[in-house]
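All remarks here apply to the structure that follows.
The values are calculated or read from the model by the stated rules, or taken from the named source; none is laboratory data. Predicted, not measured: the structure shown is a model, and the values here were computed from it. Cβ placement follows ideal geometry from the backbone for every residue including glycine, while neighbour counts extend to all protein chains displayed. SASA here: full protein model, heavy atoms, side chains in, ligands and nucleic acids out. Shrake-Rupley method; radii C 1.70, N 1.55, O 1.52, S 1.80 Å.
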Amino acid sequence: MSALQVALWVPLILGAAQGSPGEGIAAWARSPHVNQSQLFAHGSFPPGFMWGAGSAALQVEDGGAWRGRSIWDGFGPEERAGDSYHLWHRDLRALEQLGVSYYQFSLSWPRLLPNGSALSVNPSGVQYYNRVIDSLLHRGLQPVVTLYHWDLPRALQERLGGWASEALPGLFQEYASFCFREFGDRVKYWITMHNPYMTAWHGYGTGLHAPGEKGEPGTMLRVAHNLIKAHARVWHDYNTNFRPTQKGFVSVALGSHWIEPEKAKATPENIYMCQKSIDMVLGWFSRPIFGDGDYPEVLKEKYHSFLPNFTEAEKKYIKGSADFFAFSFGPNNFNPSYSVPTMGQDVSLNLREALKWIKLEYDNPRVLIAENGWFTKSHVKTEDTTAMYLMKKFINEVLQAIKYEDVNVFGYTAWSLLDGFEWQFGHKIRRGLYYIDFNSKEKERIPKSTALFYKQIVRHNGFPSRDSSEKVRGRFPCDFSWGVTDSFLKAEHIPSSPQFIDSHLYVWNVTGNGLLHAIDGVKLKTRAAQCTDFVSIKKQLALLEQMKVPHYRFALNWSLILPNGDLSVINTEVLRFYKCLISEALKLNIQSMVTLYYPTMNYLGLPPHLMHLGGWLNKSTTKAFHDYANLCFEQLGNLVKFWITINEPNRVSHAYNKSSSDTYHAAHNLLIAHAMAWQTYDRHYRSHQQGKVSFSLQSDWAEAANPYFDSHVAAAERFLQFEIAWFADPVFKTGDYPESLKDYIASKNTKGLSNSVLPQLTDDEKQLVKGTADFFALNHFTTRFIIHEPKNGSRYEYDRDSHLLSDITFLNSPAGLAVVPWGMRKVLNWIKKRYGNIDIYITANGIDDKSSHDDDLRKYYLKKYTHEVLKAHQIDKINIKGYYAFRLKDTYKKAPFGFFNSELQPKSSVEAYKTLIYNNGFPSESTENPCRLAHEDTPCRICLFFTQKKPLVFFGFCLFVVFALLLTVLAIRKHKRKRRKLYHEKRFSANYIFFRKS
C-alpha cells in the first residue's frame, strides 16, 4: 500500500470528519496589506503529489455500433471525437509525454450495459476498458475511474424518466457493483458521478444538457435528491462488499463556481450573500455528503415547498459517504453565466478561495482536483496561450492553498487530455491539452502550449524559482543618484507673497465696501524680488526634505515660459520661479534633473501657436524647440547638471495616431529637435556648465507571451525594436533607424498589408543625431507579454504585428500594471547588449496604489524593482548611475502614483524609500553606510536653520535692531540725566563753597 493510500485510510479508521457548516464564510476574509501569500508562489508541491489528466467517455471515445445509445445521441450537435476506442494507444503515448502519474477517465454506462441493466452486458465494452486499465498500470499510471459522466443509457430515460425516477439509484448501484467486480481489483480510486449539479440543473432544469428537460423546480430537486441517494448507495456497497479486498477509495466529483463581493463592497451582508450563493451550488450536494447529511438552509428557504426531505436514517446514511473530496472547477461551472445564481455578486475564477472554503466548511478533507482547465475557440489549434495562462493561475492557486492555507490537496487533474465533444457547445470550443483534427483520418494528437507547459510543471513538481540570485545583498556606489520624479511642474505666474515687493500704499475702506484701495500717486520703496515670494516652492521642498532624496527630476512648462512658442514673448517671472526652485533645492543639497518637454496622454504640452501650425508634424517646431532649449540652458544651466530634452518621444503615437505616416513623421521631428538641442549644449554650454544631456525613453520589457512558439519570441523582440530601438539606435548606435524596422515595414508593404514608410534620415541628419546623448535615460513601469498577431493597415501599432496579453498570475495595480520585477533587469541587460556599457539612469519607475496612507503595493514594488537594479549592477556589471522613483505626489485620483496624497500627507512608502536611500541599497548587515561616513559632513544645524527660516530670521533681526535702538536711546537718556545731575551737584557744591567763604 502506497503512502498516499495510507494517508487516505486514516480518516476512515478514525471515523468520518465532522463538518462545520457556515464556517466557510471566513474564506472571504482579506488582509488589506500586500504579503507573500498574495503573490505568485514558487516552490514544489508535497512529495507524492499526484498529477493527472482526464476525459469523459462520451467526449473522446466515439460511438457507433460499439456502444448503446445514450441520452446525448440525437440531442444537440453531432458527436465527433478522437476515436479513443480504436486509437487508445495514441492517448497512452500522450499521457507518457506529459509524465503524469494517473489518468482519470469515465466508463460509458451504455457501452458496458447498453440497456442500462446488468442483464445486458456488452463484452466488447468490458474488453476495451480492461485493455485501457491494464495498459495504464503496465506503464505505471494509476487509473482514476468515474462511473457516470452524464451519458445515461437512453433506454433508462425513455422507459423510466431518467434520474427523475426513484428506480435510478438502485439501477446505478447495480451498474456500479458490476464495474467494481470487473475492474475493482486494479482500480484504487473511484468517482461515482461527475458534477451532479450539472445533471440536475441543466439536464432537468434549464434543458441545456441532455435529456434537455425544462422541468419545474420540483423535478430538478427530485433529480438531485436521487443522485445523492444513488451516490450514497454505491459508496456503502463498495465500503461493505469491495473495500475489504480491493482497498480502494470512493468519492463524488462536485463542481462549483466562486464568487466575490463587488469591489469596495465587502460588507458582512454581501459576504453572507456570497456564502449563500456557494451553498446553492456546491453546498447543495456537499453539505449532505460531507456535512451533516442534510441540505443547506438557503436551499430549504428557497425551495421549502418543493425540496424533498431526507429522513433521519437517510441523513445518517448519506453523511460521510466519501473518502475524499473530489472537486471540479472549470468552465462548465461558469458558462453560460446564467447557470450560476450569483445574487448580484461578482463571479471569480479564484480556485484558491474555493479550496479554502471547502477546508473551512468541511473540516479540511483531503481534496482531489478532479477537473480543472479552460477552453479556447474551435479555430485555435495548438497556440492556446490564454488557456495556458489560466492553467498557470489555477495550478499556482492550488500550491498557494497548500502552502498558506494548509488545504489537503493530494492530486490535480488537467482537463482534458484531448479535444472532443463539449456537451451543449458541441465543437464550438476546445478543451484538450492535445489538438485533434476531427476531419482527418489519422486524428493525430498534437500537443498544445498547455500540454508543453503542464509537462514542465509535472517534471518540476511545481514552480521552481527562475532566479537563483534572489538573496543578493550589497550597496550601490557612493555616487549613485537616488531621486524622485515629477511630471511638468506648474509655475506661479506671480509671487504668492507679494507684500514686500508691492510699491502701492493702500487705504482700508472701513465704512464702505471693506476693501483695500491703492492711493494714486504714492509709491513706496520696495525690496528686490526674492525666492521666498513663491510659497509653492517652499511646499515642494518640504516634501523633498521629508523624503531625504538628493535628486529631484521635474519638467518645465514650455507653454508658460514661451506663450507664443518662440522668443517673441518670454515670461521672465516663470523662468525666475524655476530658477528659484532649482537654487533653493541646491541649498538643501538637492540637485535637479530638468526635463525640457514632457508630453502626457492628456496634454501634449506644446504652446497653442505651435499646435495651430501642426505641432510636431511641422518641421518649424524643431527650430522653436531648439530656441526654447537654448534659452533654458542660458538661464538655468549654471544650476543644472542633468538635462532631459524630451520625455518619452517614443510614445508620440498617442497624439499622432491617425496614420503611421503621422506617427513616424512626428517622431522624426522629435528626434531632430532633441539632436539640435544636444548639439547646442555641447557647443556653447558644456565647457563652462559641465552638464549632461539626454532624452528619456519609455522602456518597458517585452516578454514572449507563449515561449513555446518562435513567432511570439520574435514578436517580443520586434516590440522592443519598435518601442526602444526606434529612437535609441539613431542616437546610441548607427545614426539611423534600425534596419529590422525598415525591413519589416517594407516586407508588409510588399505583401499589401501596409503603406507605412519610415522617414529617411539624410547624411547630414545622421551626423547630427548620432551620439547626441551623454547617458541612457529610461522610464520603466512594467513588463508586456507579447503575442504575434498579424494586422492589416497603415498604423504604427499595426506595423508591429503584436498584441498584448495580461499574465493574470502576476500582482496587478488598480490601473492594470503588472508587477514583474525581473523585467527591469532584463531590459537593462538588453540595453547593455545592444548599446554597450554606457551610463544608465532609471529616470522613472513606479506604480499606482489606491491607498492614500498604507501603500503596501508601492513599498513592495520599490523594494523588488530596486533589488533587480542592484542585481543588474552587481552581477551583470551594468553601469547604472541613478534611480528615480515616480512620483512625488498624487495629482489626480485615477492614477495615484505619488508618495504624498492629494492633501500632501506622506504615505508609508516615504519611510520605505528613505530607508532604501539611507542604506544605499540592500546591505547584508545593518551597518553604517560607509558612503555617509566617508563623504557626508555633519550638517550645520545653525546654517540649515538660517537657510530654511529666512523670513523668521529677518523678522527676528528687525526686532533685535529695534530693541537695540530702544536700549541705546534709553542708555543715552539715562547717561544724559546722570551728567545733568552731576552738573547740578558740582554747581551746588561750588556755590556752597563760595557762600561759606563769603
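Would you grab the residues whose amide H sits under 5 Å from the one on Ala777? Only those 5+ places off in sequence or on another chain, please, with H modelled 1.01 Å from N.
Answer set, sorted by chain and number: Phe695, Leu697, Tyr841.
Please turn the phi angles of the stretch 649-656 into ³J(HN,Hα) values with the Karplus equation 6.51 cos²θ - 1.76 cosθ + 1.60 (θ = phi - 60°), one per residue in order, whole Hz, x for glycine and proline.
With the stated coefficients, the stretch 649-656 comes to x, 6, 10, 5, 4, 5, 9, 10 Hz.
Roughly how many Å is it from the Cα centre of the stretch 206-274 to that of the stretch 871-917, as a whole number?
Cα centroid to Cα centroid, the span is 50 Å.
If you filter the stretch 867-912 for chymotrypsin sites (Phe, Trp or Tyr not before Pro), then keep DSSP loop positions with at most 12 other Cβ within 10 Å, what is left?
Working: sites: Tyr883, Tyr884, Phe886, Tyr892, Phe897, Phe899, Phe900; in loops: Tyr892, Phe897, Phe899.
Hits after loop and neighbour filter: Tyr892.
Got a sec to turn the phi values of the stretch 305-310 into Karplus ³J(HN,Hα) couplings, 6.51 cos²θ - 1.76 cosθ + 1.60 with θ = phi - 60°, whole Hz, x for Gly and Pro?
8, 10, 6, x, 9, 8
Which of the aspartates and glutamates could be linked to Lys751 by a straight reach, that is with a Cα gap under 20 Å, when you skip same-chain ones fewer than 8 residues away?
Result set, ordered by chain and number: Glu739, Asp743, Glu789, Glu797, Asp799, Asp801.
So, with a 1.4 angstrom probe, what is the percent of accessible area on the stretch 808-924 that is carbon and sulfur?
C and S fraction of accessible area: 52 percent.
Would you please give the residues with an amide H less than 5 Å from that of Phe488, counting only those at least 5 places away or on a separate chain, with H modeled from the backbone geometry?
Sorted by chain and number, the residues that satisfy this are Ala555.
Need the full-extension length gain, Glu739 to Asn439, defined as separation in residues times 0.36 nm minus the C-alpha distance. One decimal, nm.
103.6 nm
Between Gln530 and Trp508, what is the label-point separation in nm under the 7 Å Cα-to-beta-carbon projection?
2.5 nm
Please work out the FRET efficiency for the pair Leu966 and Asn571, using the Cβ-Cβ distance as r and a Förster radius of 41 Å; give the result to the nearest 0.05.
FRET efficiency, Leu966 to Asn571: 0.35.
Grab the Cα-Cα distance for His138 and Lys381, subtract it from 0.36 nm times how many residues apart they are, and report the gain in nm with one decimal. Before the final figure, lay out the partial values.
On the way: separation 243, 0.36 × 243 = 87.48 nm, distance 3.14 nm.
Here the answer is 84.3 nm.
Over all alpha-carbon pairs of the chain, lay out the pair-distance distribution in 20 Å bins, whole %, shortest bin first.
Final binned percentages: 11, 33, 26, 19, 8, 2, 1, 0, 0.
What pairs in Lys733/Lys871; Lys393/Lys443; Lys490/Lys907; Lys381/Lys455; Lys263/Lys864; Lys641/Lys826 have C-alpha atoms more than 21 Å from each other?
From Lys733/Lys871; Lys393/Lys443; Lys490/Lys907; Lys381/Lys455; Lys263/Lys864; Lys641/Lys826, over 21 Å: Lys733/Lys871; Lys393/Lys443; Lys490/Lys907; Lys263/Lys864; Lys641/Lys826.
Name the residues whose placed amide hydrogens come within less than 5 Å of the amide hydrogen of Ser592, ignoring near sequence neighbours (fewer than 5 apart) on the same chain.
Those lying under 5 Å, H to H, from Ser592 are Tyr552, Lys641.
For the ranges 535-547, 477-489, what's the packing order if you count other beta-carbon atoms within 10 Å of each residue, average per peptide, and put the highest first?
477-489, 535-547
Under 9 Å from the Cβ of Leu355, count the other residues' Cβ atoms, weight Lys and Arg +1, Asp and Glu -1, and hand me the total.
Once all neighbours under 9 Å are counted, the net charge is 0.
Summing Lys, Arg as +1 and Asp, Glu as -1, what charge do residues with Cβ under 12 Å from the Cβ of Arg67 carry, Arg67 excluded?
Combined, the nearby Lys, Arg, Asp and Glu give -2.
Grab the beta carbon distance between Ala29 and Ala118, set R0 = 41 Å, and tell me the FRET efficiency rounded to 0.05.
Values: r = 50 Å, r/R0 = 1.22.
For Ala29 and Ala118, the calculated efficiency is 0.25.
For the pair Asn309 and Asn241, what calculated FRET efficiency results from E = 1/(1 + (r/R0)^6), where r is the Cβ-Cβ distance and R0 = 30 Å, to the nearest 0.05?
After rounding, the FRET efficiency stands at 0.55.
Heavy atoms only, probe 1.4 angstrom, no DNA, RNA or ligands counted: give me Arg80, Arg932 ranked by accessible area, highest first. If you can, show how the numbers build up before the last one.
Numbers: Arg80 85, Arg932 60 Å².
Result, largest first: Arg80, Arg932.
Counting only protein heavy atoms and using a 1.4 Å probe, what share of the accessible area of the stretch 656-722 belongs to carbon plus sulfur, as a whole percent?
Heavy-atom surface of the stretch 656-722 belonging to carbon and sulfur, 1.4 Å probe: 53 percent.
With θ set to phi - 60° and the Karplus curve 6.51 cos²θ - 1.76 cosθ + 1.60, what are the ³J(HN,Hα) couplings of the stretch 701-707 in order, to the nearest whole Hz, using x for Gly and Pro?
With the stated coefficients, the stretch 701-707 comes to 7, 10, 10, 4, 5, 10, x Hz.
Can you give the angle from 0 to 90° between the axis of helix 856-874 and the longest principal axis of the chain, with both taken from C-alpha atoms, to the nearest 10?
The two axes meet at around 80 degrees.
What number, rounded to the nearest 500 deg cm²/dmol, is the helix-based mean residue ellipticity at 222 nm of the chain, given -39500 (n - 2.57) per DSSP H run of at least four residues and division by all its residues?
Estimated from H runs of four or more residues: -13000 deg cm²/dmol.
What order do you get for 743-752, 907-916, 347-356 when each peptide is scored by the mean count of other beta carbon atoms within 10 Å, highest first?
347-356, 907-916, 743-752
Does the stretch 823-929 come out rounded, prolate or oblate, given a ≥ b ≥ c as the square roots of the eigenvalues of its C-alpha gyration tensor, rounded meaning a/c under 1.5 and, failing that, prolate meaning a/b above b/c?
Because a/c hits 1.5 or more and a/b fails to exceed b/c, the stretch 823-929 counts as oblate.
Quick check: at a probe of 1.4 Å, how many percent of the accessible area of the stretch 551-641 sits on carbon and sulfur atoms?
Ligands and nucleic acids excluded, carbon and sulfur reach 55 percent.
Please give the helix 908-919 orientation as an angle from the longest Cα principal axis of the chain, in degrees from 0 to 90, rounded to the nearest 10.
Its long axis makes an angle of about 70 degrees.
What order, most packed first, do the peptides 814-821, 419-426 have when packing is the mean number of other Cβ atoms within 10 Å of each residue?
Per-residue mean Cβ counts within 10 Å order the peptides as 419-426, 814-821.
Considering only the stretch 354-498, what is the antiparallel percent among its DSSP beta bridges, to the nearest 5? Write out the running numbers ahead of the final one.
Numbers: 4 of 9 bridges.
Antiparallel bridges: around 45 percent, rounded to the nearest 5.
Taking only Cα atoms, what is the 0 to 90° angle, nearest 10, from helix 950-997's long axis to the longest principal axis of the chain?
Approximately 30 degrees, to the nearest ten.
Which distance in Å, rounded to a whole number, links the C-alpha centroids of the stretch 651-713 and the stretch 435-454?
44 Å
Between Asp627 and Glu789, what is 0.36 nm times their sequence separation minus the Cα-Cα distance? Round to one decimal in nm.
54.0 nm
Calculate, for the chain, the solvent-accessible area per residue in square angstrom, rolling a 1.4 angstrom probe over the heavy atoms of the protein chains.
On the way: 43280 Å² over 998 residues.
With all protein chains present, the chain gives 43 Å² per residue.
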